[in-house]
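Participant: A single structure is presented below for examination.
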Amino acid sequence: MIKKLFLIALAIIPLNLLGQTAFEQMIVSKGYVAGVTRDWSDSTTITIDEPVMGYVNIDGNTMPTSLTTYKKGWLEFYDGQGNYFKKRILMAAQGNSSYWHFPKKNFKVDMCEDEWVGDDVPEVTIGNWVPQDGFHFKAFYYDAFKGLAMVAYDIYDQVVADRGGVAGRAWSRSGVTSSKFDERAICHPDGFPVAVYNKGQFYGIYTFQLKKHRKNMNLIKDVPEMIHIDGQVSGQSLLRGTIQWKKVELRNPKKMYLMNGEEYDKNKRGEIMDETSEFYDLPDDDAKVKKHKQNTAIVKKHVIAFSKYYSELWALRNAKTPKEVMREEVQKRLDVESLIDFWLFTYYTNNYDGIDGNWQWVTWDGEKWFVLPYDLDCTFGLENYGRFIYPSNVCSYRGNITIAYHPFQWINYYFLDELYERYAQLRERRVFDTENVMTMLNEWRARIGDDIYAMEWERWPNSPCISHDVINDGWELVPNWSGWSSLSGYNAETTYQKGDIIGWHYRKWKATKTITGVPPCSQEGYTDTPERVREWLDSRLDLMDRLLKYTPKPIIGDVNGDGVADVTDVALLVGYAISGTGDINTYQADINGDRAVNISDITILVNNILNGTNANATTVEKE
């Protein structure tokens with residue numbers, strides 16, 4: 001009997017603290033039982049549901065410290081839902097500004113079935129994602145919720161779904177079909193929260209993220225018409241006719257060559273090969289190499305053609321081409337729907353870091369180009385160095401909705417009515433809606449939980465999102481930031497007089513006395529809260545409504561003015577009908593329009609809620 005009890009104790013020993021790492025203690029507390037929990041470690045094909053919250057242990061000497069040098073390690077994963085695996089990984093740091101400016105870095109992992117070579121890889125399918133063998137882990141160091149970017153991706157997904165679900169996705173609307181296409185390809189990242197441990201000790205909250213891999217774009221690796229352009233895609237580097245090949249990154253097709261005969265790589269960029277290269281048709285090239293070089297030349301023609309769209313369309317406009325013809329010419333070259341959706345989404349979320357260096361440009365036929373979002377960590381007021389929160393009335397690109405930036409200027413010239421109409425649709429369908437966004441944010445926060453957030457702040461106490469500005473004596477912040485970039489910046493050798501105003505770190509600062517050698521701030525930061533996000537969203541929608549000439553429709557039955565007609569309004573309506581008093585909007589309460597608030601209005605509201613009737617529509621026409 002004693003022996004039997006001893007064996008049982010051994011089986012459940014992870015429940016105590018003897019010899020257990022923090023990671024092991026955590027996953028046991030979340031339901032892991034050795035020998036009982038399903039172990040996928042020996043499987044080359046893994047299929048699991050998306051976790052509510054995942055738990056990851058990186059077993060390596062240190063976390064990744066280089067963007068280009070991969071470390072060998074092991075990754076343990078438990079999904080909190082009865083699935084576990086341990087795989088060899090090659091890992092490196094990931095990202096640009098986050099890598100150089102923050103101690104807690106993003107990283108990427110490629111899973112291996114071989115001895116860290118990477119030729120033999122598993123196929124991992126999580127939830128509705130396309131199968132992958134590598135993933136990104138996003139730190140979101142300056143995001144107090146560790147997931148505002150994921151909320152932004154979900155909003156964009158709703159925008160796309162509003163055009164018809166899967167049929168609204170860019171690859172589906174391209175008109176190109178293939179048996180290799182996967183309906184799960186969403187054309188942008190997705191992710192779920194994970195607690196990451198290093199050698200068993202807690203390291204931080206991350207997002208386990210689907211990448212911008214070609215499978216997620218439905219791009220076939222050896223089709224030269226299917227092109228994905230990343231990198232610095234701006235007017236100077238590509239969009240206005242001059243191509244700076246080292247600044248743009250060609251992610252698809254997979255195998256391409258440079259003019260000097262070397263293989264193209266994201267870390268070895270340059271002008272890609274065409275027929276004029278002396279290395280284009282070498283005698284010892286095998287059939288595969290010849291095909292890759294031919295494909296590279298085709299890609300180059302399409303990219304050059306894309307870069308000329310600006311001058312072509314301007315030539316037509318300057319020739320006073322009729323509007324309907326111009327609309328057709330724009331639509332031949334650019335997907336107007338993706339341009340409209342991207343720009344409205346960018347304005348709504350203030351995705352100020354989403355242009356030039358982060359947006360993705362993709363074509364499936366080599367001719368019509370689509371724009372897609374990526375790297376949404378600077379949304380809802382966040383700034384990419386974590387120094388402050390952008391006010392909701394700051395539009396990072398312009399102070400009004402007119403768009404002068406190619407290729408969006410063509411929307412302003414020829415599709416402005418469609419822009420206004422699309423915004424109204426997204427407002428009325430409650431995609432661009434404060435409660436919609438807050439619901440997603442609160443669900444994300446609940447997935448992580450207060451205990452793990454507390455572990456994060458203990459591990460990373462200097463995070464700017466739990467900090468505050470320390471304004472030096474002699475300076476004050478000017479509330480109106482408008483025009484900061486046109487002002488002179490701070491200079492340590494300049495003597496500033498009382499009343500002088502400078503532009504520094506995107507904000508305006510006023511000297512309150514004569515001062516030299518003291519910058520406006522010795523520390524920048526903020527303490528973010530859900531309440532701040534809610535206020536920002538409400539104010540942002542007010543701004544957008546004005547800019548896009550939209551008047552919100554009254555929600556009949558929303559007697560407390562919270563933007564939705566629900567059971568709370570029913571309770572208030574009943575109380576008012578009984579007592580004749582109460583703090584309610586009586587116009588919204590008079591649902592049937594008979595100029596009285598009574599049981600009839602209550603009955604209509606209850607039926608509308610139960611039947612899912614459009615809350616933006618009145619039941620009857622009210623005078």
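The values are calculated or read from the model by the stated rules, or taken from the named source; none is laboratory data. The structure displayed is predicted, hence computed values, not measured ones. Ideal geometry is used to build each Cβ from the backbone, glycine not excepted, and the neighbour counts take in all protein chains shown. Note: accessible area is taken over every heavy atom of the protein model, side chains too, but ligands, DNA and RNA are not part of it. Shrake-Rupley method; radii C 1.70, N 1.55, O 1.52, S 1.80 Å.
Participant: Please find, among TYR506, TYR490, the residue that is under 18 Å from GLU383 (Cα atoms) and open to solvent by 40 Å² or more (accessible area, probe 1.4 Å).
Facilitator: Checking each option against the conditions leaves just TYR506.
Participant: Would you mind stating whether VAL248 is of a type outside the set (S, T, N, Q) and out of contact with any Leu (no Cβ under 6 Å at 6 or more places or on another chain)?
Facilitator: The answer is no for VAL248.
Participant: Are there any pairs, at least 6 apart or on different chains, whose C-beta atoms fall under 8 Å, with the first in the range 297-316 and more than 16 Å from TRP361 (Cα to Cα) and the second hydroxyl-bearing (Ser, Thr, Tyr) and at pLDDT 95 or above, and if so, which?
Facilitator: Cβ pairs passing all conditions: ALA297/TYR280.
Participant: Is it the case that the range 83-97 has a residue that's closer than 22 Å to PRO373 by Cβ, part of a loop (DSSP other than H, G, I, E, B) and open to solvent by 10 Å² or more (accessible area, probe 1.4 Å)?
Facilitator: There is at least one residue in the range 83-97 that is closer than 22 Å to PRO373 by Cβ, part of a loop (DSSP other than H, G, I, E, B) and open to solvent by 10 Å² or more (accessible area, probe 1.4 Å).
Participant: Tell me which residues, restricted to the range 495-526, are over 30 Å from PHE102 (Cβ atoms) and either free of Cβ contacts under 8 Å to residues at least 12 places away in the same chain or hydroxyl-bearing (Ser, Thr, Tyr) (or both).
Facilitator: THR495, TYR496, ASP500, THR512, THR514, THR516
Participant: Report every pair of residues separated by at least 6 positions or lying on different chains whose Cβ atoms are under 8 Å apart, first residue within the range 440-463 and within 14 Å of MET53 (Cα to Cα), second assigned to a helix (DSSP H, G or I) and of a type in the set (A, V, I, L, M, F, W, C).
Facilitator: From the range 440-463, the pairs are TRP444/MET150; TRP444/VAL151.
Participant: Further, regarding this structure: Just to be sure, is GLU312 outside any helix (DSSP H, G or I), open to solvent by 10 Å² or more (accessible area, probe 1.4 Å) and charged (D, E, K, R)?
Facilitator: Judged against the criteria, GLU312 is not a match.
Participant: Something else: For the range 333-358, which residues satisfy the criterion of being polar (S, T, N, Q) and touching a strand residue (DSSP E or B) at 6+ places or on another chain (Cβ under 8 Å)?
Facilitator: Within the range 333-358, just SER338 meets the criteria.
Participant: Another question, then. It is to be established whether one or more residues within the range 316-324 are more than 29 Å from the chain's Cα centre (by Cα) and either of a type in the set (A, V, I, L, M, F, W, C) or under 22 Å from ILE229 (Cβ atoms) (or both).
Facilitator: Yes.
Participant: When you go through (1) over 30 Å from TYR310 (Cα atoms); (2) open to solvent by less than 20 Å² (accessible area, probe 1.4 Å) one by one for TYR423, which number turns out not to apply?
Facilitator: Every condition holds for TYR423 apart from (1).
Participant: Quick check on the range 594-608: of everything there that is among the aliphatic types (A, V, I, L, M) and not in a helix (DSSP H, G or I), which residue is farthest from ASP562 (Cα to Cα)?
Facilitator: My answer is ALA596.
Participant: What pairs come up if the first residue lies in the range 268-279 and is charged (D, E, K, R), the second is assigned to a loop (DSSP other than H, G, I, E, B) and exposed (fewer than 15 other Cβ atoms within 10 Å of the Cβ), and their beta carbons are under 6 Å apart, counting only those six or more places apart or on different chains?
Facilitator: Qualifying pairs under 6 Å: ARG269/LYS246.
Participant: Right, next: When the residues of the range 98-128 are filtered to those that are more than 24 Å from THR37 (Cα to Cα) and touching a Cys at 6+ places or on another chain (Cβ under 8 Å), which remaining residue is surrounded by the fewest Cβ atoms within 10 Å (Cβ to Cβ)?
Facilitator: Ranking the candidates gives ASP120 first.
Participant: I need a count of the residues in the range 44-72 that are over 19 Å from GLU24 (Cβ atoms) and in a strand (DSSP E or B).
Facilitator: Matching residues across the range 44-72 total 6.
Participant: Moving to a separate point now. Does PRO283 satisfy being surrounded by fewer than 16 Cβ atoms within 10 Å (Cβ to Cβ) and farther than 28 Å from LEU376 by Cβ?
Facilitator: It is true that PRO283 is surrounded by fewer than 16 Cβ atoms within 10 Å (Cβ to Cβ) and farther than 28 Å from LEU376 by Cβ.
Participant: Is the range 318-340 home to any residue that is in a loop (DSSP other than H, G, I, E, B), at pLDDT 95 or above and closer than 20 Å to ARG163 by Cα?
Facilitator: Checking the range 318-340: at least one residue is in a loop (DSSP other than H, G, I, E, B), at pLDDT 95 or above and closer than 20 Å to ARG163 by Cα.
Participant: Then there's this: Inside the range 242-265, can you point out the residues that are in contact (Cβ under 8 Å) with a residue 60 or more places away in the chain and surrounded by fewer than 14 Cβ atoms within 10 Å (Cβ to Cβ)?
Facilitator: Passing the criteria: only THR242.
Participant: Return the residues of the range 493-503 that are of a type outside the set (Val, Ile, Thr) and surrounded by 15 or more Cβ atoms within 10 Å (Cβ to Cβ); say none if nothing qualifies.
Facilitator: TYR496, ASP500, GLY503
Participant: A follow-up question, please. Got a number for residues in the range 448-475 being over 25 Å from the mean Cα position of the chain (by Cα) and either open to solvent by less than 30 Å² (accessible area, probe 1.4 Å) or of a type in the set (S, T, N, Q) (or both)?
Facilitator: 3
Participant: Looking at ASN267 and the list (1) modelled with pLDDT of 95 or more; (2) out of contact with any Asp or Glu (no Cβ under 9 Å at 6 or more places or on another chain), which single condition is not satisfied?
Facilitator: Of everything listed in (1) modelled with pLDDT of 95 or more; (2) out of contact with any Asp or Glu (no Cβ under 9 Å at 6 or more places or on another chain), ASN267 misses just condition (1).
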